[in-house]
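The values are calculated or read from the model by the stated rules, or taken from the named source; none is laboratory data. These numbers come from a predicted model, not from an experiment. Quick reminder, even Gly has a Cβ in these numbers, built from the backbone with ideal geometry, and neighbours come from all protein chains shown. For the accessible areas, the whole protein counts, side chains as well, though only heavy atoms, and no ligand, DNA or RNA atoms are used. Shrake-Rupley method; radii C 1.70, N 1.55, O 1.52, S 1.80 Å.
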Amino acid sequence: MVPWGPAPAWLTQRFVGRIIRCGYVDHARWVCKVPTNALNKVFETLHREAERGVADGQGYANALKYSLLRREGAGVLPRDDEFRRCFEWRDFYHIDRKRLYLYDRLENGDSVERVNVVGMLEDGTLTVEHIMPQTLSPQWRHELGEEADDEVHAAYVNTIGNLTLTGYNSQYSNNPFADKRDRENGFRDSGLRLSRAVALCDRWGIREIEERRERLWSRFLKLWPMPESTYALAEIARESRALDGGFEFTGLKVSACSLRGERVAVGTWVEAMRWLLPRVYAEDPRAFRAAVTGGRFPSRYFSTEPLGYGFEIGGGIWYNPGCSTSEKMETLRRIVDRVDTLEQGDISFEVRG
């Protein structure tokens, strides 16, 4: 049973788990720190949207996945490139009870030979271990050399490449890497899959953390693959609309955007903003900064600090696209009005209903 009523007979609990409650949906959004307040509405409308796809001749699963992929704003499903950027520097240590799911999946995957990671994390038998410790001892600083820089250490210490599971955290403490690896019950004695590659390393520093992060990224993509859909809406006539003229873009899909005749195909309004804003910024960084600071609209969508869900435009300015289409358009208009070398008519969008 699903929230909107009886599901088709073949829509089993497993299908709901794999598609509707898709691991990628949950995990990619969490890693990218996309707010969860829109999820109820997302899942509430999925069945109805999928039925429209079925009426258009598509299979239910294909149409359902398309419905997930087409969303933007607070309901967006981050693509692999954004997932990757957030994954690299996400703090995977201070994640409360989410660690139960994350480390169980990383350790066990779909293996039938399972380690009871959840139970042992809950009762304290297992803990999450920093391979490079949270506090660098003189020995660690000596081994790391130039990499012992405190800012570098702070950037890497809680990332996924530096974290593993162990039942002997208190014994490891912040001992040198070779001791953690070779001691009784050290990494070389560990029966945990997450520690196997660590046991093969001669040293532990930034290169090793990054190499392990790459391997774990491959595992992330295998465990939480991006859903794919071959569903394509029947071709609908597209019209080009300039930013000026007071046109209302709400409720329309965008397929391309242009700046002074330079055109790029896009799939969402977020992609359009990701392409346009850096180019508008490059026209006049000072005017752009003045337009997005000072407390007036649209300053609430911009930050000088990195945003978990957002992207950098340039000059240390970040944009949060978690707003409506009309607010995105008004944001562009307000900024362009401050840039002397641009006019609203220089920007246009190809849209359809």
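Quick look at the values:
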{"quantity": "Criterion: open to solvent by 20 Å² or more (accessible area, probe 1.4 Å), among the small types (Gly, Ala, Ser) and in contact with a Ser or Thr (Cβ under 8 Å, 6 or more places away or on another chain) - qualifying residue of Ala282, Ala265, Ala290", "calculated": "Ala265"}
{"quantity": "Given (1) small (Gly, Ala, Ser); (2) in a loop (DSSP other than H, G, I, E, B); (3) over 30 Å from Thr341 (Cα atoms), number of the condition Ser195 does not satisfy", "calculated": "(2)"}
{"quantity": "Pair list, Cβ under 6 Å, 6 or more apart: region 332-353 residue over 23 Å from Thr293 (Cβ atoms) and in contact (Cβ under 8 Å) with a residue 60 or more places away in the chain, other residue open to solvent by 30 Å² or more (accessible area, probe 1.4 Å) and in a strand (DSSP E or B)", "calculated": "Gly345/Ala242; Ser348/Ser240; Ser348/Ala242; Phe349/Arg241; Glu350/Ser240; Val351/Arg241; Arg352/Lys253"}
{"quantity": "Subset tally (residues that are over 30 Å from the mean Cα position of the chain (by Cα) and either of a type in the set (Asp, Glu) or modelled with pLDDT of 95 or more (or both)) for region 175-228", "calculated": "5"}
{"quantity": "Extreme residue, nearest to Asp81 (Cα to Cα), among residues of region 291-321 that are touching an Asp or Glu at 6+ places or on another chain (Cβ under 9 Å) and of a type in the set (Gly, Ala, Ser)", "calculated": "Gly316"}
{"quantity": "Per-region count, region 268-279, residues open to solvent by less than 50 Å² (accessible area, probe 1.4 Å), of a type outside the set (A, V, I, L, M, F, W, C) and out of contact with any strand residue (DSSP E or B) (no Cβ under 6 Å at 6 or more places or on another chain)", "calculated": "1"}
{"quantity": "All positions within region 107-160 that are more than 16 Å from Asp96 (Cα to Cα), hydrophobic (A, V, I, L, M, F, W, C) and not in a helix (DSSP H, G or I)", "calculated": "Val112, Val115, Ile131, Met132, Leu136, Val157"}
{"quantity": "Qualifying residue in region 250-262 (condition: closer than 30 Å to His130 by Cβ, open to solvent by 60 Å² or more (accessible area, probe 1.4 Å) and not in a helix (DSSP H, G or I))", "calculated": "no"}
{"quantity": "Tally of residues being part of a helix (DSSP H, G or I) and of a type in the set (A, V, I, L, M, F, W, C) across region 322-342", "calculated": "4"}
{"quantity": "Glu113 being closer than 21 Å to Arg196 by Cβ and either modelled with pLDDT of 95 or more or open to solvent by less than 10 Å² (accessible area, probe 1.4 Å) (or both)", "calculated": "no"}
{"quantity": "Cross-chain or 6+ apart pairs with Cβ under 6 Å, region 198-215 first and within 15 Å of Glu146 (Cα to Cα), then hydrophobic (A, V, I, L, M, F, W, C) and surrounded by 19 or more Cβ atoms within 10 Å (Cβ to Cβ)", "calculated": "Trp204/Ile131; Trp204/Met132; Trp204/Phe177; Gly205/Leu144"}
{"quantity": "Within region 146-174, considering residues that are in contact with a Leu (Cβ under 9 Å, 6 or more places away or on another chain), closer than 13 Å to Leu126 by Cβ and surrounded by fewer than 18 Cβ atoms within 10 Å (Cβ to Cβ), the one modelled with the highest pLDDT", "calculated": "Gly167"}
{"quantity": "Enumeration of residues in region 293-321 that are assigned to a loop (DSSP other than H, G, I, E, B), crowded, with 17+ Cβ neighbours inside 10 Å and in contact with a helix residue (DSSP H, G or I) (Cβ under 7 Å, 6 or more places away or on another chain)", "calculated": "Pro298, Pro321"}
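Residues checked against (1) modelled with pLDDT of 85 or more; (2) open to solvent by 30 Å² or more (accessible area, probe 1.4 Å):
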{"residue": "Thr45", "(1), (2)": "no, no"}
{"residue": "Val54", "(1), (2)": "no, yes"}
{"residue": "Arg85", "(1), (2)": "yes, yes"}
{"residue": "His94", "(1), (2)": "yes, yes"}
{"residue": "Glu107", "(1), (2)": "yes, no"}
